[in-house]
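Notes for the one structure printed next.
The values are calculated or read from the model by the stated rules, or taken from the named source; none is laboratory data. All of these numbers come straight from a predicted model, not from anything done at the bench. For neighbour counting, all protein chains shown are included, and Cβ atoms are generated from backbone atoms with ideal geometry for every residue, glycine included.
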Amino acid sequence: MASRKSNKRKSKNTIRRKKGLKFNRRSLLRLGITMMLAIPAYVAFSAYSGKQEQLHDLSIIGQGSPVLVQIHDPQCGQCRTLLSSVNAVLDEFPGVEFRIANYRSDKGYKFSLEHNVSYTTLLYFNDKGRKKDVAFGLQQEQEVRSFLKSMHSG
């Protein structure tokens with residue numbers, strides 16, 4: 001009799017599917033929790049990925065807004081420091097678009113060759129796509145701010 005009771009209890013807590021797969025309440029609860037965590041993570045990653053694609057889209061140059069482009073090598077410490085300096089002051093210049101030319105990608109490398117520059121470089125393009133000036137090397141926040149002021153006002 002004891003075995004019948006355990007079989008009945010097992011049948012109440014287990015959902016049978018085709019091909020012998022079994023799901024009990026605990027595994028369904030785990031699956032639900034996993035999905036609740038995975039979906040927001042996927043959405044956040046998708047948003048981040050879309051922003052990264054936008055940051056690397058250089059086709060905006062000459063489309064009506066001034067553009068600041070950083071030639072950037074992700075493995076270069078000075079490039080990461082320059083990126084931080086740019087991000088710190090960029091909000092002060094709402095009309096200026098910012099883009100990154102990744103030196104390690106084919107497009108970014110080609111872009112740097114076209115403009116005869118290497119990484120850790122900032123290029124400023126006016127609204128018509130004409131290159132106005134270039135800042136070579138590591139720039140601190142104040143230097144980036146002065147560079148953008150001189151370009152944006154002139």
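Restricting attention to the stretch 110-154, report how many residues are buried (at least 17 other Cβ atoms within 10 Å of the Cβ) and under 11 Å from I71 (Cβ atoms).
Adding up the residues that qualify gives 9.
Got a number for residues in the stretch 71-82 being surrounded by fewer than 18 Cβ atoms within 10 Å (Cβ to Cβ) and within 20 Å of Y124 (Cβ to Cβ)?
Qualifying residue count, the stretch 71-82: 2.
When you scan the stretch 20-40, do you find a residue that is modelled with pLDDT under 90, surrounded by 12 or more Cβ atoms within 10 Å (Cβ to Cβ) and hydroxyl-bearing (S, T, Y), even just one?
Yes, because at least one residue in the stretch 20-40 is modelled with pLDDT under 90, surrounded by 12 or more Cβ atoms within 10 Å (Cβ to Cβ) and hydroxyl-bearing (S, T, Y).
Provide a single number: the residues in the stretch 98-107 that are buried (at least 21 other Cβ atoms within 10 Å of the Cβ) and small (G, A, S).
Residues that pass the stated criteria total 1.
When you scan the stretch 122-131, do you find a residue that is among the polar types (S, T, N, Q) and modelled with pLDDT under 90, even just one?
No, the stretch 122-131 contains no residue that is among the polar types (S, T, N, Q) and modelled with pLDDT under 90.
For G95, only one of the following conditions fails: (1) without any contact (Cβ under 8 Å) to a residue 60 or more places away in the chain; (2) surrounded by 12 or more Cβ atoms within 10 Å (Cβ to Cβ). What is its number?
Of (1) without any contact (Cβ under 8 Å) to a residue 60 or more places away in the chain; (2) surrounded by 12 or more Cβ atoms within 10 Å (Cβ to Cβ), only one is false for G95: (2).
Enumerate the strands (runs of 3 or more DSSP E) found wholly within the stretch 59-140, keeping only those where 3 or more residues are over 21 Å from the mean Cα position of the chain (by Cα) and of a type outside the set (S, T, N, Q).
On the way: elements: 67-72, 97-102, 121-125, 131-136.
Of the strands (runs of 3 or more DSSP E) lying wholly inside the stretch 59-140, those with at least 3 residues that are over 21 Å from the mean Cα position of the chain (by Cα) and of a type outside the set (S, T, N, Q) span 131-136.
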